[in-house]
Amino acid sequence: MSLYADVVFPLPLARAFTYALPEELRGRLGPGQRVRAPLGTRSAVGFVVRVHDQAPPAEAKPVLEAVDPDPIIPPDILDLTDRLSRRFLSSQGEMLRTAVPPSLRRRRTLRYRLTEAGREALSAGRLTPAETSLAEVLQLPSPKRADYSLAYLKRKAGVSDAPAVAARLVKKGWAAETAVESSLKPSSRPEPP
């Protein structure tokens with residue numbers, strides 16, 4: 001039974017990282033599947049490129065979860081991305097990211113909400129004009145949402161550099177930022193005849 005998985009991440013990292021497979025994933029995980037695994041101080045989604053029983057020199061951290069129930073990258077594409085990454089001095093994880101069908105890609109959206117300190121700063125007039133425009137949109141009551149995307153803020157506030165203004169609000173403690181990760185689900189349409 002396989003005990004370890006080599007995982008590459010869609011980042012400019014030149015090597016695969018070896019992770020221990022928890023009991024519940026042994027026998028269920030194979031090359032071409034995405035997994036969530038610890039990477040530094042955070043966790044990240046990477047691609048399994050090899051499953052084996054060879055213990056690494058140092059203690060391996062465990063894979064946190066399988067993102068896909070089955071492999072989404074076929075073996076020939078794994079081989080191709082490995083060869084391309086060596087040929088073009090790029091990471092295999094970055095190559096694999098481009099091979100993932102768009103319907104399965106995870107998207108990370110930043111959402112913002114006004115903090116209590118931001119409400120006080122807005123009412124005290126301590127914000128720049130651009131910050132004021134964003135803060136006024138953020139404080140609008142909404143029955144559906146408590147936070148807003150940058151695209152919405154840019155459109156509603158009319159601020160062209162909304163990302164920079166939102167980052168300033170966060171840095172000053174006047175807004176809170178939340179990263180929301182989502183993925184589009186594969187279509188449930190029947191296969192064509």
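Name the residue from PHE47, PHE88, LEU78 whose Cα lies farthest towards the positive end of the charge dipole of the range 7-161, charges +1 on Cβ of Lys and Arg and -1 on Cβ of Asp and Glu.
PHE88
Hey, can you list the DSSP H helices of the chain whose Cα span along the axis is 15 Å or longer and whose average Kyte-Doolittle score is at least -1.0?
Helices meeting the span and hydropathy rule in the chain are 75-87.
Skip the ligands, DNA and RNA, and give the accessible area per residue of the chain with a 1.4 Å probe, whole Å².
Details: 11910 Å² over 193 residues.
So the chain comes to 62 Å² accessible per residue, rounded to a whole number.
Once you sort the root eigenvalues of the Cα gyration tensor of the chain as a ≥ b ≥ c, which label holds: rounded (a/c under 1.5), prolate (a/b larger than b/c) or oblate (the other case)? Please report the intermediate quantities before stating the final value.
On the way: a/c = 2.53, a/b = 2.12, b/c = 1.19.
Because a/c hits 1.5 or more and a/b exceeds b/c, the chain counts as prolate.
Please give the charge dipole size of the chain, origin at the Cα centre, charges +1 on K and R Cβ atoms and -1 on D and E Cβ atoms. Round to the nearest 20 debye.
Result for the chain is approximately 700 debye, rounded to the nearest 20.
Run the accessible area of the chain with a 1.4 Å probe and give the carbon-and-sulfur part as a rounded percent. Intermediate values should be presented prior to the final figure.
Values: 6440 of 11910 Å².
Carbon with sulfur: 54 percent of the solvent-accessible area.
Students sometimes get this wrong: rank LEU3, LEU89, LEU140 by accessible area, probe 1.4 Å, all chains present, largest first.
Details: LEU3 60, LEU89 160, LEU140 95 Å².
Per-residue accessible area, sorted high to low, gives LEU89, LEU140, LEU3.
Please work out how much length the chain gains when fully extended from ARG50 to ASP82, using 0.36 nm per residue of separation minus the C-alpha to C-alpha distance, in nm with one decimal.
Between ARG50 and ASP82, full extension yields 10.3 nm more.
Multiply the residue gap between ALA99 and ALA14 by 0.36 nm, knock off their C-alpha separation, and tell me the result in nm, one decimal place.
Contour length minus the Cα-Cα distance gives 28.8 nm.
Run through the DSSP bridge list for the range 1-151 and note the antiparallel percent, rounded to the nearest 5.
Expressed as a percentage, antiparallel bridges in the range 1-151 total about 95.
Compute, for SER160, the solvent-accessible surface of its heavy atoms (probe 1.4 Å) with the complete set of protein chains present, and express it in square angstrom to the nearest 10.
Accessible area of SER160: about 90 Å².
If you take the charge dipole of the chain about its Cα centre, with +1 on Lys and Arg Cβ and -1 on Asp and Glu Cβ, which of GLN33, LEU11, GLY118 is farthest toward its positive end?
About the Cα centre, the residue reaching furthest to the positive side is GLY118.
By accessible area of protein heavy atoms, probe 1.4 Å, what ranking do ASP161, ASP76, ASP6 get, highest first?
The ranking, largest first, comes out as ASP76, ASP161, ASP6.
About the Cα centre of the range 67-126, what is the dipole size in debye to 20, counting +1 per Lys and Arg Cβ and -1 per Asp and Glu Cβ, all else neutral? Could you put the intermediate results ahead of the total?
Numbers: 12 positive and 8 negative charges, 84 e Å.
Roughly 400 debye for the range 67-126.
The values are calculated or read from the model by the stated rules, or taken from the named source; none is laboratory data. Owing to the predicted nature of the structure, the values given are computational and were not obtained by experimental measurement. Virtual Cβ from ideal backbone geometry, glycine too; neighbours counted across all protein chains shown. Side chains included, ligands, DNA and RNA excluded: accessible areas come from the protein's heavy atoms. Shrake-Rupley method; radii C 1.70, N 1.55, O 1.52, S 1.80 Å.
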